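Everything on this sheet refers to the single structure shown next.
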Amino acid sequence: MMDANILFEIKNLYKTFGDGTRALVDINLNIKKGVTVFIGPSGSGKSTLLRMLNLMERPNIGEIKYLGHSILDKKFDLTDYRRKIGMVFQNFHLFPHLSVLENINLPQIKVLNRSEEEATKISKNLLEKVGLLDKINQYPNQLSGGQKQRIAIARSLSISPDVILFDEPTSALDPEMIGEVLKVMKDLVNSGMNMIIVTHEMSFAKAFADEIIVLDRGKIIEYGTPEEIFENPKNERTKDFLNRVINHF
Ligand SMILES: Nc1ncnc2c1ncn2[C@@H]1O[C@H](COP(=O)(O)OP(=O)(O)OP(=O)(O)O)[C@@H](O)[C@H]1O
Ligand SMILES: [Mg+2]
């Protein structure tokens, strides 16, 4: 029986890159609806695991099911799937030659076949939501990092995804701009969006994650609620990692 609360079911997943790097080793994981945060040291496999979920990367072995359907199956409708999974990257990935409006319109027109008028209406709405309606005709190089990331989030929302994957959305930002992006993410959490987030923002994880997954050297070493992970970590390497990121020594 499928548990309707489970978004992703990952079984016996391995990823070894061509050069022999073992990025993921026997990952077994259910990702539930709500907010899931991946944490762990650099190189532990967080991005690789996230990229598996929208098949930007494919596993060598293993199974990934989305709402009970194997996304690795040859017969699986990838085009349909990709329009349900939004992605927000550390470096924004906006098109520099397109205006803010054109960036947000593009996936709606390309992926959902919306008319330009229809797309523009939705884009304006989203720009309002992220507080950037006044930037509608600017180009990405006229925006700050925090503004670019808010545009990228608006773009990911424009196709009404079921889930948004975030890979370190605030890591490339100056400290004073992190808050404005986290605020938009907080609004998304409160709107009930399913979010899977790789981040080093531990206070955000603590406040908003339903579940935290700790990766280390390609393996899941621990998972639990923020309370379990932050107040009572069981694995020594989780404790070491948290000490390093929280105390910065
Ligand atoms: N395309 C690739 N080719 C070879 N090795 C790779 C490739 N991508 C990632 N790796 C390696 O796989 C391992 C996991 O990388 P990954 O980027 O998933 O880590 P991460 O946890 O996201 O790290 P960070 O916090 O630095 O972003 C690392 O050892 C990395 O060097
Ligand atoms: Mg990464």
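Here, each number is a calculation from the coordinates, and none is a lab measurement. Small disclaimer: the values here were computed from a predicted structure and weren't measured. Neighbour counts are summed over all protein chains in view; Cβ atoms, including those assigned to glycine, are modelled from backbone coordinates with ideal geometry.
Of all strands (runs of 3 or more DSSP E) completely enclosed by segment 136-249, which ones contain at least 3 residues that are away from ligand 2 (no atom under 16 Å from the Cβ) and of a type outside the set (Lys, Arg)?
Result: 219-224.
Residues of segment 45-61 being touching a Leu at 6+ places or on another chain (Cβ under 8 Å) and more than 12 Å from ligand 2 (Cβ to nearest atom), which ones?
Selection gives 52, 53, 54, 55, 58, 59, 61.
Please go through segment 198-212 and give me each residue that is in contact with a Pro (Cβ under 8 Å, 6 or more places away or on another chain) and either charged (D, E, K, R) or crowded, with 18+ Cβ neighbours inside 10 Å (or both), ordered by number.
199, 205, 206, 209, 212
Those residues that are within 18 Å of residue 215 (Cα to Cα) and under 17 Å from the mean Cα position of the chain (by Cα), I need them from segment 44-68; list them, please.
44, 45, 46, 47, 48, 49, 50, 51, 52, 53, 57, 64 - these are the residues of segment 44-68 that are within 18 Å of residue 215 (Cα to Cα) and under 17 Å from the mean Cα position of the chain (by Cα).
Any chance you could count how many residues in segment 155-170 are within 13 Å of residue 112 (Cβ to Cβ) and either without any contact (Cβ under 8 Å) to a residue 24 or more places away in the chain or touching a Ser or Thr at 6+ places or on another chain (Cβ under 9 Å) (or both)?
Here the count works out to 3.
For a quick check of your reading of the model, give me the residue pairs whose first member lies in segment 111-123 and is closer than 19 Å to residue 84 by Cα, whose second is loosely packed, with under 13 Cβ neighbours inside 10 Å and not small (Gly, Ala, Ser), with beta-carbon atoms closer than 9 Å and at least 6 apart or on different chains.
111/79
Being of a type in the set (Asp, Glu), closer than 24 Å to residue 56 by Cα and not in a loop (DSSP other than H, G, I, E, B), is that true of even one residue in segment 110-125?
no
Working only within segment 59-76, note down all residues that are part of a loop (DSSP other than H, G, I, E, B) and either farther than 30 Å from residue 237 by Cα or small (Gly, Ala, Ser) (or both).
Within segment 59-76, 67, 68, 71, 72, 73, 74, 75, 76 meet the criteria.
Does segment 25-43 hold any residues that are of a type outside the set (Val, Ile, Thr) and buried (at least 24 other Cβ atoms within 10 Å of the Cβ), and which are they?
Scanning segment 25-43 gives 38, 40.
Restricting to segment 14-53, name every residue that is near ligand 1 (Cβ under 6 Å from one of its atoms) and of a type in the set (Lys, Arg).
Within segment 14-53, 46 is the sole residue that qualifies.
Only one of these is out of contact with any strand residue (DSSP E or B) (no Cβ under 7 Å at 6 or more places or on another chain) and surrounded by 19 or more Cβ atoms within 10 Å (Cβ to Cβ): 165, 215, 182, 188. Name it.
Unique residue meeting the criteria: 182.
So, in segment 77-109, of the ones that are part of a helix (DSSP H, G or I) and acidic (Asp, Glu), which residue ends up farthest from the chain's Cα centre (by Cα)?
Among residues in segment 77-109 that are part of a helix (DSSP H, G or I) and acidic (Asp, Glu), the one farthest from the chain's Cα centre (by Cα) is 102.
Mind telling me which of the residues 104, 39, 64, 71 ends up being under 30 Å from residue 244 (Cβ atoms), among the aliphatic types (A, V, I, L, M), in contact (Cβ under 8 Å) with a residue 12 or more places away in the chain and in contact with a Leu (Cβ under 9 Å, 6 or more places away or on another chain)?
Being under 30 Å from residue 244 (Cβ atoms), among the aliphatic types (A, V, I, L, M), in contact (Cβ under 8 Å) with a residue 12 or more places away in the chain and in contact with a Leu (Cβ under 9 Å, 6 or more places away or on another chain) holds for just one of 104, 39, 64, 71, which is 39.
Of the residues that make up segment 211-220, is at least one under 23 Å from residue 33 (Cβ atoms), of a type outside the set (Lys, Arg) and away from ligand 1 (no atom under 14 Å from the Cβ)?
yes
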